[in-house]
Amino acid sequence: MSDVNRRLASAKGILFDLDNTLYPSEKGVFDRINERINDYVREFTRCEGEEVDALRRDYKERYGTTLGGLMRHHSVDPDQYLAYVHDVPVDRILDPDASLTALLSSISLPMAIFTNGSSRHARRVLDALRVAPFFGGICDLADTDYLGKPHREAFDRAAGLLGVGLDETIFVDDLAVNVQAGSEYCSFAIHVGPGEDGVGDLHVDSVLDLEPVFSAMPWWGKG
């Protein structure tokens, strides 16, 4: 058995990112969220154009999220921010995916959502995709005291939903910076999305491409 298969086979739980991971980025949900984040930043910082992009990059590099910087430097209320940026009609954008349902229903390990968004947004996405019953919990930004990924403390909090240690946890995400952190903290990190950045232990274009990999595992099809 290869090292990759050995580490996958010995896993005891899986943390899935939400946006652009459970569904393809082409759906455009996060594009709309991103636009609303820019609107919010403009409103509270009076920045315009490229200044907004520069400020967001700076905040994400220093704090992990745009919100982290807004809270520290502009006294932004996090709940108000999250309610505003996630005010997107996901139920009209996302549809149930039979292939995603088949994938998740065949995994017998405990699974949870680990998102830098809000639990309300996560529930709306899971309901739109009709996959909520497969996840034992949601670790959102508030649950991590607004630290979020890629901070180690956030990963520890998310793994607590699974009842297993990070060294027994598979982590699945679309952002390279988060996958890189997952490679350090978790037993196995999977990068999902078009274009391989060379991070993580495995790259797939779509979460659905995990089926041939996971189907060889002892925890497949035993739910």
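Looking at the chain, send over the antiparallel percent of its DSSP beta bridges, to the nearest 5. For the chain, the DSSP antiparallel bridge percentage is about 5. Residue by residue, the range 74-80 carries 3J(HN,Hα) couplings of 9, 6, 6, 6, x, 5, 5 Hz when phi is fed to the Karplus relation 6.51 cos²θ - 1.76 cosθ + 1.60 (θ = phi - 60°); x denotes Gly or Pro. Surface analysis of the range 124-163 yields an accessible area of 44 Å² per residue, using protein heavy atoms and a 1.4 Å probe.
Rounded, prolate or oblate: which fits the range 107-221 when a ≥ b ≥ c are the square roots of the eigenvalues of the alpha-carbon gyration tensor, with rounded for a/c under 1.5 and prolate only if a/b beats b/c?
Cα axes put the range 107-221 in the rounded bin.
For the range 54-164, with all protein chains present and a 1.4 Å probe, just round the carbon and sulfur fraction of the accessible area to a whole percent. Using a 1.4 Å probe with all protein chains present, the range 54-164 comes out at 45 percent carbon and sulfur.
Between S25 and D39, the modelled label-to-label distance comes to 2.2 nm, taking each label 7 Å out from Cα in the direction of the beta carbon. Which residues in the range 72-109 place their backbone N less than 12 Å from a point set 7 Å from the Cα of D127 along the Cα-to-Cβ direction? Within reach of a label on D127: 90-92.
Report the FRET efficiency, 1/(1 + (r/R0)^6), for E51 and Y84, where r is their Cβ-Cβ distance and R0 is 22 Å, rounded to 0.05.
With a Förster radius of 22 Å, E is 0.65.
Going through (1) 67, 48, 43; (2) 56, 35, 31; (3) 49, 44, 42, the figure that equals Cα extents along the principal axes in Å as computed for the structure here is (2).
With all protein chains kept in place, the per residue accessible area of the range 52-112 amounts to 48 square angstrom at a probe of 1.4 angstrom. With a Förster radius of 22 Å applied to the beta-carbon distance between D145 and E61, the computed FRET efficiency rounds to 0.70. Computed packing ranks the peptides 159-168, 8-17, 54-63 as 8-17, 159-168, 54-63, most packed first, by mean other Cβ atoms within 10 Å. A simple spin-label model places pseudo-atoms 7 Å from Cα toward Cβ; at E184 and R120 they are separated by 3.3 nm.
The values are calculated or read from the model by the stated rules, or taken from the named source; none is laboratory data. Note that the structure is a prediction, hence the values are computed from the model and not measured. Quick reminder, even Gly has a Cβ in these numbers, built from the backbone with ideal geometry, and neighbours come from all protein chains shown. Note: areas computed on protein heavy atoms with side chains; ligands, DNA, RNA excluded. Shrake-Rupley method; radii C 1.70, N 1.55, O 1.52, S 1.80 Å.
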